[in-house]
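Take a look at the structure set out below.
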Amino acid sequence: MLKFIALSGTTSVTENLYVYEADNQMMIVDCGVGFPDLEMHGVDLVIPDFSYIIKNKEKLKGIVVSQGHEDHIGAIPFLLKEVNVPIWAAPLVTEFLKDKFEDYGVRDFTINTFNVDNDEFKVGPFTVYPFRVTHSVPDTCGFAIDTPDGRIFHVPEHKMDQNPVDGKGFDTERAKKLSEKEVLFLASDCLGSNKPGYSPNERSIEDKMLEIAKTAKNRIFATAISSNIGRFQQMIRVAKNTNRKVIFVGRSVQKKAEMANKLGYLDYEDCVIGLGEAKKLSKSNLFYIVAGCYGQAGSSVYRIATDAHEKVWVEEGDMMIFSADPAPPYTKESEDFVVDELIDRGVDVHYYDLNEGLYVSGHGCQNDILELFKITNPKYFIPIGGTIRFMNAYKKLAVANGIEENRVMLLKPGDNISLNNGQATKGQRIATKEILVHGLGVGDIGKVVLGDRAVLGNEGVVVVVIKVDSGGRMVGNPQIKSRGFVFEKLGSGLLRDAEKRLVRQIGKPGKLNQKTIEQTSLDYLENFLFQKIGRRPMILPVIVEV
Ligand SMILES: [Zn+2]
């Protein structure tokens, strides 16, 4: 019996994590991170729940990776802390992983690098056949997988484009060949399922960028997501065609460009120089490729836009080209901020809202999805990698094209299907939750801490220190301090008033119970401050024995 578990990644665009089980053995496909939403104050990353995997770790034979984007590889270092199994990845993904492991201090790992065009490998009872697909990072693949119950297809992200910038498009021939056997199910990218037609080709971007670059008199800065090697190639060619040298700024773009160059995926065209050399050239001969296309705080784009970068700055007459997806959740605010900062500094900014054709999606639209349906012709269909609306649109698209409704399986995180004699049945959902990462802490933050952080952020904190002697009697008056609540100077009248009133509430003489003092202070101050000023800060009573 084959079991397919969507542990994470079906109802979200990120945090991909899928498990295959057969013959009492397990294989994972992809293990990515997600990004915190605006309510998750301070959270750096969101990772999938590994509880089920850890519970069954004896069964786990390996992790197979489909591409180098963070939402497919980012959580692997966290998983490797719990289980040590080999990883299978394409060459560029292997390099990305090694770099990531170095960052996380993961030393004990095995990566088996496969050839996307013609390899096959065994992971436990599964034989995996990768095939090339088009996406916004090179070496992305889909998989045909032979299981003891038959062949399935797993295509996390794809567009059918045959002619991407690197010339290596979707390998229709191999996918078709692998589909000659009966296909039990297809789990595939649903993110473009509500957009008609085919996902556009990215080659047109270069002409648009060149046209814009030709109008620049000063330096040009350009940014794209740091794994978009194809876009870097286009930028390098635009630079060359406008007689400029290219300088990479920011660790992520520098590293990724180096890796891609080493593997032959990125041609520097004798155009790339260092920051030092750039000083000797005239401004009209410079083209900077900068990290931080979403304007993330601390990124190179952010620091340049806010004039906080040690080595690179912008001035009036410079140009900045954003060539990135405008849509990832929770990034719009920071992007808008850097765009405004740059414009305010006199920079000619070409950004997403201007619709200048400087970006195309790496995901397929309806026709790309239908073409994959046609090639694989599976018995069952499973939409992955999109939110509910995309899963729904994928189902509608299938049904509109003659596929019976019960052949499309919508799986929420933890949902799973079992295949018995070719018949799929849904099993009981495995309980999962999102695991939050902040600094070095993993999973030590949840609803309660986030709730406190929201109160602290919105209302501030009021600390009341009450001294008691060994006999349990209050010593002196309570002292109130606040942070993020009111200007202490302006609000001191209110706080001193509260101190005096609190004495009366607690009652000075006699032995007092610590718990009672705490609760009384809390209730009284909460009420008093709300009455007086209409705010509800976090109140923290501290009882000190003196
Ligand atoms: Zn991707």
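Residues with beta-carbon under 14 Å from that of residue 361, excluding residue 361: net charge, scoring Lys, Arg +1 and Asp, Glu -1? Display every interim value, and only then the final one.
Numbers: positive: 159, 195, 231; negative: 157, 161, 189, 202, 325, 368.
Surrounding charge for residue 361 is -3.
Apply 1/(1 + (r/R0)^6) to the Cβ-Cβ distance of residue 181 and residue 37, taking R0 = 35 Å, and write down the FRET efficiency to the nearest 0.05.
Working: r = 42 Å, r/R0 = 1.20.
E(calc), rounded to 0.05, equals 0.25.
When only DSSP loop residues count, what trypsin sites (Lys or Arg not before Pro) in the stretch 201-249 have their Cβ near at most 11 other Cβ atoms within 10 Å? It would help to have the intermediate numbers written out before the result.
On the way: sites: 203, 208, 214, 217, 219, 231, 237, 240, 244, 245; in loops: 217, 219, 244.
Those satisfying the criteria are 217.
When 172, 147 are ordered from fewest to most other Cβ atoms inside 10 Å of their Cβ, what list results?
By the 10 Å Cβ count, ascending: 172, 147.
Report, in listed order, any pair from 481/515; 81/255; 81/256; 332/379; 98/176; 262/283 with a Cα-Cα distance greater than 31 Å.
Among 481/515; 81/255; 81/256; 332/379; 98/176; 262/283, the Cα-Cα distance tops 31 Å for 332/379; 98/176.
Taking every pair of alpha-carbon atoms in the chain, what share in percent sits in each 10 Å bin, from 0 to the bin with the longest distance?
Cα pair-distance distribution for the chain, in percent: 3, 16, 23, 20, 15, 11, 8, 3, 0.
May I ask you to list the trypsin sites (Lys or Arg not before Pro) in the stretch 490-546 that are in a DSSP loop and have at most 11 other Cβ atoms within 10 Å of their Cβ?
Taking the stretch 490-546 and a limit of 11 other Cβ atoms within 10 Å, the loop trypsin sites (Lys or Arg not before Pro) found are 511.
Exactly which trypsin sites (Lys or Arg not before Pro) in the stretch 102-135 are in a DSSP loop and have at most 11 other Cβ atoms within 10 Å?
107
Can you give me the relative contact order of the chain as a percent, contacts being Cα pairs under 8 Å and 6 or more apart?
About 16 percent, as a whole number.
What distance in nm separates the simple spin-label points at residue 104 and residue 442, each placed 7 Å from Cα in the Cβ direction?
In this crude spin-label approximation the distance works out to 0.6 nm.
At 7 Å along the Cα-to-beta-carbon direction for both residue 425 and residue 340, put a label point, then send me their distance in nm to one decimal.
5.7
List the lysines whose Cα lies under 19 Å from the Cα of residue 412, skipping any in the same chain that are fewer than 8 positions away.
3, 395, 396, 426, 433
Under the 0.36 nm per residue contour assumption, what length would be gained going from the current alpha-carbon distance of residue 333 and residue 379 to full extension?
Difference between extended and current length: 12.3 nm.
Only Lys, Arg, Asp and Glu count, each charged at its Cβ (+1, +1, -1, -1), so figure out the dipole size of the chain about its Cα centre, rounded to 20 debye.
My answer is approximately 1420 debye.
For the stretch 303-312, in order, what is each residue's ³J(HN,Hα) by Karplus, 6.51 cos²θ - 1.76 cosθ + 1.60 with θ = phi - 60°, in whole Hz (x at glycine and Pro)?
5, 5, 5, 9, 6, 10, 7, 6, 10, 10
Counting just the Cα atoms, what span does the stretch 209-319 cover along each of its three principal axes? Round to the nearest Å and put the largest first.
That gives 37, 30, 26 Å along the principal axes, largest extent first.
Report, by chain and number, residues whose modeled amide H sits under 5 Å from the one on residue 199, excluding near sequence neighbours (fewer than 5 apart, same chain).
Long-range HN contacts for residue 199: 160, 365, 368.
Please give the direction-averaged projected area of the C-alpha convex hull for the stretch 460-545, in square nanometres with one decimal.
4.9
Fully extended, how many nm does the chain gain between residue 204 and residue 519 (0.36 nm per residue separation, minus their Cα-Cα distance)?
106.8 nm
Does the stretch 294-448 classify as rounded, prolate or oblate by the C-alpha gyration tensor (a ≥ b ≥ c root eigenvalues; a/c under 1.5 gives rounded; else a/b over b/c gives prolate, otherwise oblate)?
It is oblate, given that a/c is not under 1.5 and a/b is not larger than b/c.
In nm, give the distance between the simple-model label positions of residue 262 and residue 51, each being 7 Å from the Cα along the Cα-to-Cβ direction.
Result for the modelled spin labels: 4.0 nm.
In deg cm²/dmol, rounded to 500, what helix-only [θ] at 222 nm does the chain give when every DSSP H run of at least 4 residues adds -39500 (n - 2.57) and the total is split over its residues?
Value at 222 nm, helices only: -9500 deg cm²/dmol.
Pull up the cross-link candidates among the aspartates and glutamates for residue 489, meaning alpha carbon to alpha carbon under 15 Å and not fewer than 8 places away within one chain.
Within reach: 497.
Arranged by the count of other C-beta atoms within 10 angstrom, fewest first, what order do 372, 275 take?
275, 372
FYI, it's all coordinate maths here, none of it is from the lab. Because the structure is a prediction, the values reported are computed rather than measured. Don't worry about glycine lacking a Cβ; one is built from the backbone with ideal geometry, like all the others, and counts go over all protein chains shown.
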